[in-house]
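See below for the structure under consideration.
Where a number appears in this text, it was derived from the coordinates with a stated rule and is not lab data. Keep in mind that what you see is a predicted model, and the values were worked out from it rather than measured. Cβ sites come from the backbone with ideal geometry, for glycine too, and all protein chains shown count toward neighbours.
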Amino acid sequence: MAIVDDGPSPEQGFPEQTQFVLGATGIVSRTFSLWFRRFLEYTLLAGVITFLFTLVQAVIVYVILGPSALSLVTGGYADILSVLLEVGSYATMGTVAVLLFLVIAILGFVFSAIASGSAMKLALDDYGNPGGGSVGTSFSFALARVARLIGIQLVIGGIMMIIVLPVILAMAPLLLVVPPNPEAVVGMLMVMMVVALVAVIVAFYISVRLAPSLAVAVAEDHGVIDSMKRAYDLTSGNFWHVFGSQLLIGIVVAIIEILVSSLTFPLFFTVGPWATAISRLIVALFLSPINPIFSIVLYRDLAARAEQRAEQWW
């Protein structure tokens, strides 16, 4: 049986840039290696920040909206599109709930940027230089770059909103058919399905191409738009590689979250709705650093591949 070599372990160091190049499984395994190596520090940075936001959110929701709304508690928001998709859940509870959600979403953007930025900075300093970086410097760096990180989230979210807007416009005629005309409705549904399919494909493509944007903003001194342009360049020719890595890390994290949920399920019989919030708190505390670390490992992989292409060209 063939043995897949994912390159040297993080402890061995990386004397050459090309040794950062990994396959999808290598990127995921390297992500967890880096996470385990400085588990406590990542927990202090991204974990505690996300945990505190989730806890505050849970308490506010419980006090204002009641225990039944605890299922709406999340670990933060990374883009406008997720906010718009979530606001519908709060809209069913009235105007106060929507206003509360908007405040929570704004705070979520800030907390998410600081948490992910600090974890990415620590991963960047530590990757290839074991022991590099510290909690203090990483946190300070994230605070200094928070506006840039939020800006990237907002711009990407705005792009996604523009992409899905045609779907909303295609749905509008369905609301104007009174009384319902079966033939007209079927025709409109067909149009809407085609528009929705195209929108999903375009959104999927753009999200993959811009995936390293936050990592670029942390690793390189670029502004919001330039970070996104750089991310787009890095993913050129690596679309399926990036998607495969994202899919694999997503599956692994989802499995871990399911295990956490199953462990906290018995709490439903003792603390009721708070069981969901407790599960989210555990995930926020321990698992929130994984995606930022993954982003840095993916960025270093793509940057090394770009350097290899440049050397081959010359």
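The Val202 and Asn129 beta-carbon pair, evaluated with R₀ = 51 Å, returns a calculated FRET efficiency of approximately 0.85. Packing, as the average of other Cβ atoms within 10 Å across residues, places the peptides 128-140, 108-120, 250-262 in the order 108-120, 128-140, 250-262, highest first.
What the Cβ-Cβ distance of Ile162 and Thr25 gives, at R0 = 45 Å and to the nearest 0.05, is a FRET efficiency of 0.85. Spin-label model, Val48/Thr137: points 7 Å from Cα along the beta carbon direction are separated by 1.9 nm. Which FRET efficiency, nearest 0.05, do Val98 and Ile60 yield, Cβ-Cβ r, R0 22 Å? Step by step, r from the Cβ atoms, then E = 0.95. Between Val194 and Ile251, the simple spin-label model (points 7 angstrom out along Cα→Cβ) gives 3.5 nm.
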